[in-house]
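> Could you have a look at this structure, given as structure tokens, before my questions?
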Amino acid sequence: MNTAAAERPLWRRLLGFNLLAGIVLGVAGFYFGWWLGHQIHAKSLAYFADTNQNDVALLLGYLFFPIGFVIGLGFAKYPLSRALGREPSHHENEEGGLGRYFGVCTDHKVVGMQYMVGIGVFFFIGGLNAMLIRAELLRPSPQLFGAGNYLTIVGLHGAMMMGVMSSAILGPFANYFVPLMIGAKRMAFPRIEALTFWLLMAAGVIFVSTIFFGGFPTGWTGYAPLNDQANFGFDSYIFFFALVGLSMTLLGLNLIATIVTMRAPGMTWGRLPMFCWGVLSTSGLMVLAAPVLIAALLMVAFDRSLQTSFFLTSGGGSPYLFENLFWFFGHPEVYVVLLPAMGITAEIITVHGRKKLFGYKTVLYTTIATGIISFFVWAHHQFVAGIDPRIMATLWRAKIRYTVPMLFCLAWFFNFFIGGVSGFFLSDTPSDVSTHGSFFVMAHFHYTIMGGLIFAFFAAIYYWVPKMTGLRFNERLAKIHFWTMFIAFNSTFGPLFALGLMGMPRRVATYASNLQPLNIWVSVSAFVLGASMLVFLANVLYSMVIAREPAEANPWRSKSLEWQLPTPVPVHNFDRIPVFDADPYDYGIPPVAPRHVPAGASGVAPYPDRK
Amino acid sequence: MPEPSHFRRILILWIALSVIATPLVVILAAPGLPPGDATSEAAGQVTDNTVLLGIATPIAALLVVYFAYALIVFRHRGPEPDEGVAIRGDNRVQLTWIVATAAIVLFAAVYGTVRIFGDSGAGGGQGPNPIAKPSGDPLQVQVIAQQWAFTYRFPSFGGVETPHLELPVDQDVEFHVTSLDAIHSFWAHQLGVKADANPGVDNVAYARPTETGSFDIRCAELCGLFHGHMFDTGQVVSDSSFQAWIRGQQREFAPATRNLNPYNRGYLPHPERRAG
Ligand code: HEM
Ligand SMILES: [Cu+2]
């Protein structure tokens, strides 16, 4: 079947459900919505006549674009063939070469790789925006951008980062490794898994298109009443976050269903790897919080197009309602970033300390408790004090090996600690008067989010990508990347605490001239930070394309199941479902020779009998 | 070689580092911090930050010492298969940590609350019904934010509205912060005052300038296109210059004052318009 497909002529293969069709139908859908909106506009709503900006048309365009896109990609094939009474195939494009990566594929490993690249592109765009912001702030008065463009760039940067970071770890790594860790052959809902990825991509395209519609001056928070006043570029923001929210919700549901129902025999809750716990609690948060955001955004869309006034004082609505709904999402969002990162570092630090995770149960309960607490504002900063020490305790009398993933984990810890201490100042009300809304806050959340999330993200990349691609990274380039990134990161964001205290507000291109020297320092450091990402890209290019040195199957001598599989992992992961009969973190108890699972991995018990 | 007492070594190093670092931070570094001591509120914030830094320094020292020690002493040495010591969770260690962190967080919460009540709100906005007020009769100044400027209204001077702000020294000031449109935030950095300006809400904050000089005013909440241009410089002046200035303003703006709405704690926003 596969070979037959390959023999078809090129033009024949281009016809049918694929990325090309997705793009064509997506664009067609956009113009259809746009046209429809203008019909409505012309006929009934006189209100738009004076603004010359037809929000209805743009909103409908953005509504039909993703619909056309996913239909073109082939997501309608399965429900349609069911509706027509045909026998549907049970999976899509799981066999085959590189082509699988450019369409709907139900292999969770392919989706994981798709996410990895997709998220990378998002971070790249977000990072470029950050460079533009820092370039503007080299001078105390606006030089490069007008007021509107500057705010658009800040908003694009912030929203882009906040939108994808929630999927940054779940998308690539949870999709790829959760089934492998719990001994499953696939995710619970493989088609939905693929859908979440393509929705995210559609969201990204919509968001970037805001630059053709005048941008938006609201920052990533999009508060009322600014969101109603804003140009129609704000409609891109609405649909970006709504689609991201949809993608997050589906991703979370899928992961929960997978972890709850698809664990192999013997994978009891008490043996579930920490990473899976992090993923599970994050997914719970995402599923609860994201729909609220979607609802709030739809209400804004109605305010802007149908003349409702949910958030407008003039019509009896309330702008604070939007703020509250937004932070119902925004607060857990912070933990959505933190929890999987904690899962990753727990995995890596135990493996590298050759030591059992200290207090598995406590880490576990704090993980779950953090998830619940995150819905309440007051506990915002307590978790920092409460959780990190367990990772410290895990280092106690360990045998630490300094590999690149381990270095990233330690840096994560360091950054997160600084983020936590600064949060201590923000949570203290009197002190908050001078820090709130200033660059102090900026420094604080970049330390927690970038210092936390991005460092964990890279730790995961250096730890797991050798398994995903079967190729090893160049160690020297990786170390150069780490050290430049770590040092430049601190020299970028450390001084921002001082800038904030000295009176630098957020989201402005005009600042007091006595702050200029420090701002120049920060900008230059930020450019070095940007350059460190180029070192990483060079490493990817060199290691994965040019040198292509094969990686060992289990270079870290981990005992977790994913490492016992052959590299590359076979399409269906396991021939037979494995049976677990020991804990995942029994390091420090001999014997510890790495246990390779024979190719094909049939019915292995990865943690052999010790009770 | 018997295992040395890592615990005792870390303890000694930590105490030594804390004893040296904490006074250095508290005595030398902290008092110079912004926003300075131009008002009693600003000075109070510096005191708060000093106290918090005093607490944070030993905690930071513990982490630094522990990590430096662990990363150096517990690093991997020798031939490959080699494992750390299996230690299961130790309840005493966990308990100590939980109690210690809870105590610190509780202290910060109690301390913050006490300061807020005792110190006329530490310069922050307290909403329409302030709890912490200065004794005596403060000068009332209404701060009206709108896209994209602040104006100041003085109810005790015939409700005159001025585009710039001057304040008398050694006199408690009661700011009533409100907005006509979007959410803004009135931030007078050197005065240590920051209060959100919400449409229809009367947000009260206090400050008592203790020395003359200028201070920066900025909007601290994104309020649309020209948010970045919402800044000005205010002056703290002697009482007599203040009286002279405000009389001048009354004269200058007399025609405008007659046409203003009667003084009020909040004004209706403009009809909705697109301004972004
Ligand atoms: C290369 C690294 C980065 C640099 C140099 C950088 C720099 C900046 C700057 C200069 C601002 C605007 C400050 C202002 O005027 O308000 C900003 C805002 C922001 N950044 Fe970053 N950033 C970086 C990475 C990240 C990452 C990785 C994230 C999150 C995952 C992130 C999230 C945000 C958010 C949420 C905002 C707020 C946007 C808003 O005010 O609406 N940044 N960043
Ligand atoms: Cu403003």
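The values are calculated or read from the model by the stated rules, or taken from the named source; none is laboratory data. A quick note: this is a predicted structure, and the numbers were derived from the prediction, not measured. Every residue, glycine among them, receives a Cβ derived from its backbone with ideal geometry; neighbour counts consider all protein chains shown.
> For the range A:225-242, give me each residue that is over 20 Å from the mean Cα position of the chain (by Cα), within 15 Å of ligand 1 (Cβ to nearest atom) and touching a residue at least 60 places away in the same chain (Cβ under 8 Å).
At the first step, the residues of the range A:225-242 found to be over 20 Å from the mean Cα position of the chain (by Cα) are A:225-235.
Imposing the further condition that a residue be within 15 Å of ligand 1 (Cβ to nearest atom) reduces the set to A:226-227, A:230, A:233-234.
Once the filter is applied, which keeps residues that are over 20 Å from the mean Cα position of the chain (by Cα), within 15 Å of ligand 1 (Cβ to nearest atom) and touching a residue at least 60 places away in the same chain (Cβ under 8 Å), the range A:225-242 yields A:Asn227, A:Gly233, A:Phe234.
> Taking the range A:296-327 on its own, how many of its residues are under 14 Å from A:Gly222 (Cα atoms) and away from every other protein chain (no Cβ under 14 Å)?
Number satisfying all stated conditions: 6.
One line per residue, one yes/no per condition, for (1) among the polar types (S, T, N, Q); (2) on the phi > 0 side of the Ramachandran plot; (3) within 16 Å of ligand 2 (Cβ to nearest atom); (4) more than 14 Å from every other protein chain (Cβ to nearest Cβ):
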| position | (1), (2), (3), (4) |
| --- | --- |
| B:Gly213 | no, yes, no, yes |
| B:Asp216 | no, no, yes, no |
| B:Cys219 | no, no, yes, no |
| B:Gly228 | no, no, yes, no |
| B:Thr233 | yes, no, no, no |
| B:Val237 | no, no, no, yes |
| B:Ser241 | yes, no, no, yes |
| B:Trp245 | no, no, no, yes |
| B:Pro262 | no, no, no, yes |
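> Being assigned to a helix (DSSP H, G or I) and in contact with a Cys (Cβ under 6 Å, 6 or more places away or on another chain) narrows it down to one of A:Ala459, A:Ala526, A:Ala531, so name that one.
Numbers: A:Ala526 fails: in contact with a Cys (Cβ under 6 Å, 6 or more places away or on another chain); A:Ala531 fails: in contact with a Cys (Cβ under 6 Å, 6 or more places away or on another chain).
Just one listed residue meets the conditions, A:Ala459.
> OK, next. Any idea how many residues of the range A:293-312 are among the hydroxyl-bearing types (Ser, Thr, Tyr) and in contact with an Asp or Glu (Cβ under 9 Å, 6 or more places away or on another chain)? Break it down into steps so the answer makes sense when it comes.
First, pick out the residues of the range A:293-312 that are among the hydroxyl-bearing types (Ser, Thr, Tyr): A:305, A:308-309.
Adding the requirement that they be in contact with an Asp or Glu (Cβ under 9 Å, 6 or more places away or on another chain) leaves A:305, A:309.
Residues meeting the conditions: 2.
> A:Val154 fails exactly one of the following numbered conditions: (1) at pLDDT below 90; (2) within 16 Å of ligand 2 (Cβ to nearest atom); (3) touching a Lys or Arg at 6+ places or on another chain (Cβ under 8 Å). What is the number of that condition?
Here A:Val154 meets the rest and fails (1).
> Taking the range B:192-235 as the region of interest, how many residues are in contact with a Pro (Cβ under 6 Å, 6 or more places away or on another chain) and free of Cβ contacts under 8 Å to residues at least 24 places away in the same chain? Even if it seems obvious, please write down each step before you answer.
Residues of the range B:192-235 in contact with a Pro (Cβ under 6 Å, 6 or more places away or on another chain): B:192, B:199, B:202, B:204, B:206, B:218, B:220, B:224-225.
After this cut, where a residue has to be free of Cβ contacts under 8 Å to residues at least 24 places away in the same chain as well, the list is none.
Of the residues in the range B:192-235, 0 are in contact with a Pro (Cβ under 6 Å, 6 or more places away or on another chain) and free of Cβ contacts under 8 Å to residues at least 24 places away in the same chain.
> While we're here: Quick check on the range B:175-193. Is at least one of its residues part of a strand (DSSP E or B), in the same structural domain as B:Gly158 (by TED's automatic domain parsing) and of a type in the set (D, E, K, R)? Give the steps one after another, and end with the answer.
Step one: of the range B:175-193, the residues part of a strand (DSSP E or B) are B:175-179, B:184-188, B:193.
Still in the running and in the same structural domain as B:Gly158 (by TED's automatic domain parsing): B:175-179, B:184-188, B:193.
Next, from what is left, pick out any that are of a type in the set (D, E, K, R): none.
Looking through the range B:175-193, none of the residues is part of a strand (DSSP E or B), in the same structural domain as B:Gly158 (by TED's automatic domain parsing) and of a type in the set (D, E, K, R).
> Another question, then. Do we find that B:Gly200 is surrounded by fewer than 24 Cβ atoms within 10 Å (Cβ to Cβ), among the small types (Gly, Ala, Ser), more than 16 Å from ligand 1 (Cβ to nearest atom) and more than 13 Å from every other protein chain (Cβ to nearest Cβ) in this structure?
No; evaluated as a whole, the condition is false for this residue.
> Starting from the range A:156-170, keep only residues that are surrounded by fewer than 24 Cβ atoms within 10 Å (Cβ to Cβ), then list their pairs with residues that are among the hydroxyl-bearing types (Ser, Thr, Tyr) whose Cβ atoms are within a distance under 9 Å, requiring at least 6 positions of separation or different chains.
A:Gly158/A:Thr221
> Another question, then. In this structure, does A:Gly99 turn out to be surrounded by 14 or more Cβ atoms within 10 Å (Cβ to Cβ), within 16 Å of ligand 1 (Cβ to nearest atom) and either of a type in the set (D, E, K, R) or not assigned by TED's automatic domain parsing to the domain that holds A:Val24 (or both)?
Working: surrounded by 14 or more Cβ atoms within 10 Å (Cβ to Cβ): yes; within 16 Å of ligand 1 (Cβ to nearest atom): no; either of a type in the set (D, E, K, R) or not assigned by TED's automatic domain parsing to the domain that holds A:Val24 (or both): yes.
So A:Gly99 fails the test.
> Still on this model: Take the residues in the range B:23-73 that are part of a helix (DSSP H, G or I) and of a type in the set (S, T, N, Q), then tell me which one is farthest from the other protein chains (Cβ to nearest Cβ). Please lay out each step first, then the result.
The first filter runs over the range B:23-73 and keeps only residues part of a helix (DSSP H, G or I), leaving B:23-32, B:40-73.
Then keep just the ones that are of a type in the set (S, T, N, Q); that gives B:40, B:45, B:47, B:49-50, B:57.
Details: B:Ser40: 12, B:Gln45: 5, B:Thr47: 9, B:Asn49: 5, B:Thr50: 10, B:Thr57: 10 Å.
The qualifying residue farthest from the other protein chains (Cβ to nearest Cβ) is B:Ser40.
> Filter the range B:206-222 down to residues that are within 13 Å of ligand 1 (Cβ to nearest atom) and either surrounded by fewer than 22 Cβ atoms within 10 Å (Cβ to Cβ) or closer than 18 Å to A:Ala230 by Cα (or both), then give me how many there are.
Here the count works out to 2.
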